[in-house]
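Reviewing the structure listed below.
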Amino acid sequence: KVKAAVFASGTGSNFQAIIEQEIENKLACDIALLVCDKPGATVINIAEDYDIPTFVFNPKNYAAKKDYEQEVVKRLQIMNVKWIFLAGYMRIIGPDLLHVYENKIVNLHPSMLPAFPGKDAIGQAFEAGVKTTGVTVHYVDAGIDTGPIIEQKSVHVFPDDTKDTLQKRIQRVEHQLYPRVINQLIKQERGVFS
Ligand code: GAR
């Protein structure tokens, strides 16, 4: 199986959803590495529970983005990683990583892009009072949440929603959608269209 890395900064519920598919033999790639830019993040404990190797770094310990990105590239190449799936990775991907993994970095974003890019997309949608928001899976380019869209799924906002109930509904959709799109991308690359 082709090897992939997941990049995450926080809770890791999407990382867990991906790993659970792998355990059930339903994932087309092998998650070889978790990359995390937040020492102490819960996602690291999940990786340890499932015996997934981790590379955890603190950007503050590097002089510049290129310094930690070059280190990340080195770790990915040692493990023969071909795909990068961002799952709540709250950092912009710089040119040193982007150019090595051109069209191989995919992001999950909790809105119907181009609506509500950037931070706290769920809070932005909630405050705007929209009746529908959603989830987007897209390729990463140099912009913030601007790359070509691969797939989207809409999610209703109900009148009695709180930001919390909306977030839970969006995350349930993410947990289903992201592993499915990951499989679709990898099968397309192999030339198997399903
Ligand atoms: C997810 O909802 C993901 O869409 C979002 O962070 C959350 C991470 O949750 N990503 C972004 O906002 C990227 N701009 P998780 O750590 O439980 O998977």
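The values are calculated or read from the model by the stated rules, or taken from the named source; none is laboratory data. These numbers come from a predicted model, not from an experiment. Cβ placement follows ideal geometry from the backbone for every residue including glycine, while neighbour counts extend to all protein chains displayed. Accessible surface areas use protein heavy atoms only, side chains included; no ligands, DNA or RNA. Shrake-Rupley method; radii C 1.70, N 1.55, O 1.52, S 1.80 Å.
Some observations on this one:
- When the residues of segment 116-140 are filtered to those that are more than 13 Å from the ligand (Cβ to nearest atom) and not in a helix (DSSP H, G or I), the one that is nearest to Phe15 (Cα to Cα) is Tyr139.
- Inter-residue pairs, beta-carbon under 9 Å, first in contact (Cβ under 8 Å) with a residue 40 or more places away in the chain and in segment 40-62, second assigned to a loop (DSSP other than H, G, I, E, B), 6+ apart: Val43/Ser9; Val43/Gly10; Val43/Thr11; Val43/Gly12; Val43/Ala87; Val43/Gly88
- Some residue of segment 50-66 being more than 12 Å from the ligand (Cβ to nearest atom), closer than 24 Å to Arg190 by Cα and modelled with pLDDT of 95 or more: no
- Conditions (1) touching a residue at least 60 places away in the same chain (Cβ under 8 Å); (2) in a helix (DSSP H, G or I); (3) within 16 Å of the ligand (Cβ to nearest atom); number of the one not met by Leu76: (3)
- Subset tally (residues that are crowded, with 19+ Cβ neighbours inside 10 Å, of a type in the set (Val, Ile, Thr) and in a helix (DSSP H, G or I)) for segment 10-45: 4
- Contacts under 6 angstrom Cβ, first residue in segment 86-101 being open to solvent by 20 Å² or more (accessible area, probe 1.4 Å), partner away from the ligand (no atom under 11 Å from the Cβ) and in a loop (DSSP other than H, G, I, E, B), 6 or more apart: Arg91/Asp37
- Breaking point among (1) open to solvent by 80 Å² or more (accessible area, probe 1.4 Å); (2) away from the ligand (no atom under 16 Å from the Cβ), for Lys104: (1)
- Take the conditions (1) closer than 26 Å to Cys29 by Cα; (2) loosely packed, with under 14 Cβ neighbours inside 10 Å; Asp160 misses just one of them, which is (1).
- Restricting Gln167, Gln184, Gln152 to residues that are within 13 Å of the ligand (Cβ to nearest atom), open to solvent by 30 Å² or more (accessible area, probe 1.4 Å), part of a helix (DSSP H, G or I) and at pLDDT 95 or above narrows the list to Gln167.
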